[in-house]
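The values are calculated or read from the model by the stated rules, or taken from the named source; none is laboratory data. Note that this is a predicted model, so its numbers are computed, not measured. Cβ atoms come from the backbone with ideal geometry, glycine included; neighbour counts cover every protein chain shown. Keep in mind that these areas ignore ligands, DNA and RNA; they rest on the heavy atoms of the full protein, side chains included. Shrake-Rupley method; radii C 1.70, N 1.55, O 1.52, S 1.80 Å.
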Amino acid sequence: MPLLRYTVIEHNHQLEQLCAELTDETELALDLEADSMHHYREKVCLLQLSNRAGTWLVDPLRLSDLSPLRVLLARPGLRTVLHGGDYDIRSLHRDFGIVVQQMFDTMVAAQFTGATEFGLAALLREHFGIELDKRFQKADWSKRPLTTEMADYAAHDTAHLLELADRLHARLEQLGRREWVAEECALLVGNRVAEKGNGPLFLNCKGAGKLKPRNLAILEALLQFRDQQAREADRPAFKVIPAEALLKIAELVPAAVRDMNGIAGLTPRLLGRYGEQLLTVVRQGLAVAEADLPRFPRGRGEPNPGIKARITRLKQWREGISSRMGLASGLLAPNWLLERIAEQQPVTLEQLQAIPGIRRWQVGLWGTEMVETLAKETQTA
């Protein structure tokens, strides 16, 4: 990576001064680093800011007051440039109450230019010939002091974003897609971290839906056990015991530790440490009264044949649009949207526009064609 000059902000007075200096800026690049790979409860550990002249690394673990930054980023006249900003927007609001008013997401923009590689590393390589050092993508950013190499890595994440945004914005203008990206970004800035409810943990475990109620009770007991271990050790739950291993235990209902030998992800070390405890938890699941057994909530099931046929035809129609425009089919119209359209079968543009989740740019791009396609299908049905 090329050498880059930046300033580390570790004291409240430094942040106050920086935000005062940046108060008249109309655009800033923003990124963050978190510790989700290393701790039970993730947190933002570093914020990177850049304008056209400089880059700053703001250390929230050393600062007691981020309100100047909160005020700065909330300014209506400020355009904040991020890359893959959905996670950042959610995390900044969760940890600091920071709200970004106007965003330009370079990842979203790259997708709408037709780019097939839209990660930041790929885009910086393509546009500027810069190779990012990927060693620190999964680093523990909560550790202090930051190494020089980690700080250099973080600084490069925003140092080139404004210029990248310029190039992508110009390309979007050429393609007539600038407003599409503006609409997508306007929706992203309202995203928030969903509050964890008191529901069962198995709802977020892939594959749990195939289990019978008794096995589901065992899985829930196993997930609760893992969550407790993770909380006490301050580690991500997936690093304690893989969910896939717990799912397999719930399926097999082992009666002895040896019965768990060979389960993928359940290493001899893990079995030696948790084997007997896992058996105890399995027995707890087996002891749940029949009337108290959990059941996985079912969706609406298979759509009726008419709707299913319309979904198939809409997907075929979408592939033609995708090929013609050189854009990913899921970007033009994701499956969930096609399913809603097939269910509601709008016959006018007004009815199409009223479908929850549809974008203005989608209606403008293919709304008339969609309604006409559905009308033809109805006539020939």
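Structure data summary
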{"quantity": "Two-decimal Rg/Rh across the stretch 34-144, once Rg and the Kirkwood Rh are taken from alpha-carbon atoms", "calculated": "0.96"}
{"quantity": "Spherically averaged projected area in nm², based on the convex hull that wraps the Cα atoms of the stretch 90-249", "calculated": "13.1"}
{"quantity": "Alpha carbon convex hull of the stretch 6-190, volume per residue in cubic angstrom", "calculated": "115"}
{"quantity": "D (Stokes-Einstein, µm²/s), Kirkwood Cα radius, the chain, 1.306 mPa s at 10 °C", "calculated": "65"}
{"quantity": "Positive minus negative residues near L293 (Lys, Arg vs Asp, Glu; Cβ under 11 Å)", "calculated": "0"}
{"quantity": "Accessible area in square angstrom per residue, the chain, 1.4 angstrom probe", "calculated": "52"}
{"quantity": "Reduced Cα scattering model of the stretch 234-381, Debye log10 I(q)/I(0), q = 0.14, 0.15, 0.17, 0.20 Å⁻¹", "calculated": "-0.74, -0.77, -0.88, -1.16"}
{"quantity": "Where a label projected 7 Å from the Cα of R62 along Cα→Cβ would reach, residues of the stretch 125-166 with amide N under 16 Å", "calculated": "141-155"}
{"quantity": "Extension gain (nm, one decimal) between Q228 and N51, 0.36 nm per residue minus Cα-Cα", "calculated": "59.4 nm"}
{"quantity": "Cα shape, the stretch 260-330, gyration tensor, a/c 1.5 rule", "calculated": "oblate"}
{"quantity": "Rotationally averaged projected area of the stretch 307-375 (alpha carbon convex hull; nm²)", "calculated": "3.9"}
{"quantity": "Label-to-label distance, nm, for residues given as A194 and A20 (7 Å Cα→Cβ offset)", "calculated": "4.4"}
{"quantity": "Pair E183, M37: separation of 7 Å Cα→Cβ label points (nm)", "calculated": "3.7"}
{"quantity": "Gyration tensor (alpha-carbon) shape descriptor, the stretch 201-287, a/c threshold 1.5", "calculated": "rounded"}
{"quantity": "Selection of trypsin sites (Lys or Arg not before Pro), the stretch 331-381, meeting DSSP coil and at most 13 other Cβ within 10 Å", "calculated": "none"}
{"quantity": "Directionally averaged shadow of the stretch 36-88, computed from the convex hull of its alpha-carbon atoms, nm²", "calculated": "5.0"}
{"quantity": "Accessible carbon and sulfur surface of the stretch 277-358 relative to its total accessible area, %, 1.4 Å", "calculated": "52"}
{"quantity": "Extension gain from T368 to N261, taking 0.36 nm per residue of separation minus the Cα-Cα distance", "calculated": "32.6 nm"}
{"quantity": "Carbon plus sulfur fraction of accessible area for the stretch 121-261, probe 1.4 Å, in percent", "calculated": "48"}
{"quantity": "Radius of gyration and maximum dimension Dmax of the stretch 160-308, Cα, Å", "calculated": "22.6, 66"}
{"quantity": "Cβ-based net charge around A139, under 10 Å, with every Lys or Arg adding one and every Asp or Glu removing one", "calculated": "-1"}
